[in-house]
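J.: Pasting a structure below so you can have a look.
The values are calculated or read from the model by the stated rules, or taken from the named source; none is laboratory data. It should be emphasised that the depicted structure is a prediction, and the values quoted were computed from it without experimental measurement. In this analysis, Cβ positions are derived from the backbone assuming ideal geometry, glycine residues included, and neighbour counts consider all displayed protein chains. Surface accessibility is based on the protein's heavy atoms, side chains included, excluding ligands, DNA and RNA. Shrake-Rupley method; radii C 1.70, N 1.55, O 1.52, S 1.80 Å.
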Amino acid sequence: MLYTSTRNNTIRVSAAQAISRGISEEGGLFVPCEIPSFSLEKIASMVEMNYISRAKTVLKEFLTDFSEEELDYCVNGAYAPEKFSSERIAPTVNVNKNENILELWHGPTCAFKDMALQLLPYLMTVSAKKTADGKTIVILVATSGDTGKAALEGFKNVENTKILVFYPVDGVSPMQKLQMTTQEGENVAVCAINGNFDDAQSAVKLIFTDNNIKAQLAEKNMMFSSANSINWGRLVPQIVYYFSAYCDLIEQNSIKCGDEINVVVPTGNFGNILAAYYAKRMGLPIKKLVCASNSNNVLTDFIKSGEYNKNREFFTTTSPSMDILISSNLERLLYHVSGDDAELVNELMTSLSTDGKYTVSNDLRDKISVLFSGGFADENGVFETIKEQFKDFGYLCDTHTAVAVKVYEDYVKSSGDDIPTVIDSTASPYKFSKSVLSAVSDDLGDISDEFKTVDELNRLTGAEVPEPLKALKNKEVRFKEVCSKENMSEMVFKLLNI
Ligand SMILES: *Cc1c(COP(=O)(O)O)cnc(C)c1O
């Protein structure tokens, strides 16, 4: 299996090269040259397997340059049952009739990013051994909350790696901040920046491409890499859980092998739903991919009209991981749906960076709308949905998941298409305790600190508090540093001790 770039399809690299480089040199994203296909018999054979074996079955098709032993080492390390609060790793829970929730937040940081970021460090160190001749990999992350913590936890104490995370000083939830500032591990560092997420992201990108800085790192036998969802190594682990959820539904007698399902995904950067698209292309019987957005509904409009336009008001919502106007992974979808047209992708991406918008042809728009349906939920819809899911079915969901549930309900109403459906649940409700509590209770009680809010939500709903969040209460804050966005590169040197 070889990979090419969305902006130059003459490029050919191995999986190990795609993963250790992160992004192609001309700015395109790596995509598989062909997409493997699974027969229904093969899918049926996965029903008996545990999550680790299901993961290996899928990854094997994409990582053909990894040996059997290397793959075993990666999946056994990443999905070791003791790191997850469910022995099924990603359990599928029937909530009501054909509504099934795929819980992707049982990992160490209680958000779905763990599903990929527990595996990425293994994929990256194995890839680096094949391609990067013993260099120490320095992972540089700008985060709006979940990615930073999940990457820290994934890379902590991983040999030959160091990880530096920058977060906007006022741009993350109190729980997310605590998760990062108390991070353990010898090879980790965390720093707040005076600025917003875009400032952090732009500064990180500048450091990545600064030849002077790169040369100074090379002298110390170090190189940068990225843990963000433009890296193929973050996308491929996400394909696994769609197969796994389908197998769970067969196991639960909700469907027979071969029956179609719908999938609903709360979307920001378009990574998670793109993984579902790959699963469909591989032969998983998915009828519709439902893309759920919050008030930042640039994707809803794109799927309906064919025009992508980020020139619009930006809303700060209670589902912050979806507050995004540039969905990077859409580039990969455009490449595949246009029949590998790198020239077109180049044109569209140039237009996006110069004018903030682009329009696809009617033909391309129609192809996309056969595959995808788009919808969005506003803040009121999110709160009402959390409240109703809890009242009617005793199921407590977080704000991001609520966006997806609301869009699912609207989709069923408007289309009449109510076949068995998998809705991705992307975070534990306790990561956003205050929002969730105010949805299910009129009297908030004592919420003077984050842990009191957690306790109050627990008292009221009985939903279990994840151990990793409970444990934060007694952890020492290790990282208090704040820097300006102009001083980030100096901070990188300081944190690396060079
Ligand atoms: C990252 C994230 C999302 C969005 O996923 P994408 O792959 O970026 O579309 C949704 N919910 C939560 C909780 C997240 O952390």
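J.: Given the conditions (1) farther than 14 Å from residue 112 by Cα; (2) open to solvent by 10 Å² or more (accessible area, probe 1.4 Å); (3) within 16 Å of the ligand (Cβ to nearest atom), and given that residue 219 satisfies all but one, which numbered condition is not satisfied?
T.: The single condition residue 219 does not satisfy is (3).
J.: Another question, then. Across segment 143-168, which residue is farthest from residue 116 (Cα to Cα) among those that are within 16 Å of the ligand (Cβ to nearest atom) and surrounded by fewer than 24 Cβ atoms within 10 Å (Cβ to Cβ)?
T.: Among those that are within 16 Å of the ligand (Cβ to nearest atom) and surrounded by fewer than 24 Cβ atoms within 10 Å (Cβ to Cβ), it is 168.
J.: So, one more: For residues that are open to solvent by 10 Å² or more (accessible area, probe 1.4 Å) and more than 16 Å from the ligand (Cβ to nearest atom), scanning just segment 256-279, find the one that is nearest to residue 147 (Cα to Cα).
T.: Top of the filtered list is 260.
J.: Quick test for you: out of 439, 427, pick the one residue that is in contact with a His (Cβ under 8 Å, 6 or more places away or on another chain) and of a type outside the set (Lys, Arg).
T.: Criteria check complete, one pass: 427.
J.: If I ask for residues that are more than 23 Å from residue 371 (Cβ to Cβ) and within 13 Å of the ligand (Cβ to nearest atom), which ones from segment 309-346 would you list?
T.: 317, 318, 319, 320, 321, 323
J.: Among 71, 63, which is the only one that is open to solvent by less than 20 Å² (accessible area, probe 1.4 Å) and touching a Lys or Arg at 6+ places or on another chain (Cβ under 8 Å)?
T.: When all the criteria are applied, what remains is 71.
J.: Report, by residue number, each residue of segment 3-37 that is part of a loop (DSSP other than H, G, I, E, B) and open to solvent by 10 Å² or more (accessible area, probe 1.4 Å).
T.: 7, 14, 23, 25, 26, 27, 33, 34, 35, 36, 37
J.: Here's a follow-up. Any idea which of (1) touching a residue at least 12 places away in the same chain (Cβ under 8 Å); (2) over 28 Å from residue 471 (Cα atoms); (3) of a type in the set (D, E, K, R) is the one residue 198 doesn't satisfy?
T.: For residue 198, the failing item is (1).
J.: Can you find a residue in segment 297-307 that is within 16 Å of the ligand (Cβ to nearest atom), within 22 Å of residue 241 (Cβ to Cβ) and at pLDDT 95 or above?
T.: Checked against the condition, which is being within 16 Å of the ligand (Cβ to nearest atom), within 22 Å of residue 241 (Cβ to Cβ) and at pLDDT 95 or above, segment 297-307 yields at least one hit.
J.: In segment 95-125, what residues are touching a Ser or Thr at 6+ places or on another chain (Cβ under 7 Å), within 22 Å of residue 421 (Cα to Cα) and outside any loop (DSSP other than H, G, I, E, B)?
T.: 99, 100, 101, 102, 103, 111, 113
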